[in-house]
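Read the figures in this text as sums done on the coordinates, not as results from a lab. Everything quoted here is computed from the prediction, not taken from an experiment. Here Cβ is always computed from backbone atoms with ideal geometry, including for glycine, and neighbour counts include all displayed protein chains.
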2 protein chains.
Amino acid sequence: MGDDCRHTESAQPGLEGAALANAVAAAAVKCERTRERLTPPRRRVLELLLEADGPMKAYDLIAAYGQDGEPAKPPTVYRALDFLERLGFAHRIESLNAYVPCRMEGTSHRAAFLICECCGTAEEFEPDFAPQFAAAEAAGYAVRTVTLEARGLCPACKVEA
Amino acid sequence: MGDDCRHTESAQPGLEGAALANAVAAAAVKCERTRERLTPPRRRVLELLLEADGPMKAYDLIAAYGQDGEPAKPPTVYRALDFLERLGFAHRIESLNAYVPCRMEGTSHRAAFLICECCGTAEEFEPDFAPQFAAAEAAGYAVRTVTLEARGLCPACKVEA
DNA sequence: GAGGTTATGTTATTTCATAACGAATCATCT
DNA sequence: AGATGATTCGTTATGAAATAACATAACCTC
C-alpha cells in the first residue's frame, strides 16, 4: 500500500515549524492540566508523529528518533507511544501496525479511520456508534473502547484509478 | 486478557464430533461450488479454529497443527488462514492478533466483534455500517472493507465484576 | 502427457513488541 | 534538607507475529 501510488504530494502533509511547535505546546498544556509529564522521549515521539505525512510504524519512529541519526531503543518508543495513546495524543491503527497523531481535538476516546489502500493516508473521523451498540448494551455488554478501520480508496486515488 | 478471569466454562465452546464434522463438510460444499480447494492444511486449520473455545493465535494453530504433536511450519498455517479469510470461513481479529471461525452464515464480508477483555471471547455480530459511511462515500471515499472491534465486558463477566 | 496454474514444504529472515532490572528523576512529607 | 515512594528511563535480551524466497508436488485442461 502506498507503494503503487503515483502521488507525489501527500494527502496529509505533516506539521512543520510554528505549526509543529504550537501542536506540541498545546499537548504540553494539556499535560500540565492533568499533572502528566511530557518528558523528552514522549515529546520527541509526538513530534515525529506530527511531522510525518502519514501513519508511522514503530520502527520508523525508532530509526528517526535521534536528531543525530542515532536510533532509539525499542522500549523507549513503545513506552512513549503507550503514554501518547493513553492521553489521546496518538492512535494506533491496528490493521497497519502503525501510529498517527490524534487529529480530532478534544474528543472522546473513540477513534475511527478511513485508510486509503493506495496512498496510505489515514483520515480520522468521529464515528457515531450509538446505534451500533445499543443492541449490544441491551444484551448486557459493557463496551469500553471501539476500533473502527475502514479501508478503501480516498477521493484522490479513486479518481486516478 | 482471559488471564484474570475466574470462569471455568467457556462462553463459546468449540465444536466437537458430529457438529464439527458438519461444519467442515458445509465448508467443503461451499468450496466445491466455487471451485476452490479445501486441501488438507486448509481443512486442518479450519478444524482447529472450529474446535477452539475462543480466538486462536497463529502460533497456537502452528503448535496444535499435527495430530501427533508435531507443529506446522508458520507458512503452512498463515497460507491456510489467508485462504480461509478469503472465502469468509475465518476472520482475523486485529486487536488480538488472533483468528476465529466465521459464525455468521452466508453473510457479507463485513465482520464485527464484541471482545470480552475478561474471558477473551469474541462474539461476531452483523453491523449496519450504512449510516457510518454514507458521509465518507459522499465525500468521495470508496470503502472496501471494514474492521470493527469493540472491547469491553461480556454479560457474564460484567455481572461477576 | 505437455504445459500452465495452484498449492505445498522448507529454510531463513524480517518485523513487531515486551520482559526484566538497575539507575535516575520527581513529588511529597516531615 | 533528607527520607520515602512512585514514575520514568536506559539497557540488554528475548519473545511473538509474519513473510521472503525458492524448490517440489499436485491439479487442471487441452
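Can you name the residue in region A:12-37 that is touching a residue at least 12 places away in the same chain (Cβ under 8 Å) and within 16 Å of DNA strand D (Cβ to nearest atom) and, of all such residues, is surrounded by the most Cβ atoms within 10 Å (Cβ to Cβ)?
So the residue we want is A:Ala27.
B:Pro75 versus (1) farther than 18 Å from B:Glu94 by Cα; (2) in contact (Cβ under 8 Å) with a residue 12 or more places away in the chain: which is the lone unmet condition?
So B:Pro75 meets the others, but not (2).
Consider B:Ala72 carefully, then state whether it is surrounded by 12 or more Cβ atoms within 10 Å (Cβ to Cβ) and within 11 Å of DNA strand D (Cβ to nearest atom).
Yes; evaluated as a whole, the condition is true for this residue.
Let me spell it out: the conditions are (1) at positive phi; (2) within 7 Å of chain A (Cβ to nearest Cβ); (3) touching a residue at least 60 places away in the same chain (Cβ under 8 Å), and B:Gly120 meets all of them except one. Which number is the exception?
(2)
Please give the number of the condition A:Ile62 fails out of (1) in a helix (DSSP H, G or I); (2) over 18 Å from the mean Cα position of the chain (by Cα); (3) within 14 Å of DNA strand C (Cβ to nearest atom).
Going through (1) in a helix (DSSP H, G or I); (2) over 18 Å from the mean Cα position of the chain (by Cα); (3) within 14 Å of DNA strand C (Cβ to nearest atom) one by one, A:Ile62 breaks only (2).
Return yes or no: is B:Arg86 touching a residue at least 12 places away in the same chain (Cβ under 8 Å) and surrounded by fewer than 19 Cβ atoms within 10 Å (Cβ to Cβ)?
Answer is no for this residue.
Would you pick out the residues in region B:103-117 that are aliphatic (A, V, I, L, M) and either part of a strand (DSSP E or B) or facing chain A (nearest Cβ under 10 Å) (or both)?
B:Ala111, B:Ala112, B:Leu114, B:Ile115
Inside region B:132-150, can you point out the residues that are of a type outside the set (A, V, I, L, M) and facing chain A (nearest Cβ under 7 Å)?
Within region B:132-150, B:Gln132, B:Phe133, B:Gly140, B:Tyr141, B:Arg144, B:Thr145, B:Thr147, B:Glu149 meet the criteria.
In region B:76-93, is there at least one residue being in contact with a strand residue (DSSP E or B) (Cβ under 7 Å, 6 or more places away or on another chain) and more than 19 Å from B:Leu48 (Cβ to Cβ)?
No; the residues of region B:76-93 include none that is in contact with a strand residue (DSSP E or B) (Cβ under 7 Å, 6 or more places away or on another chain) and more than 19 Å from B:Leu48 (Cβ to Cβ).
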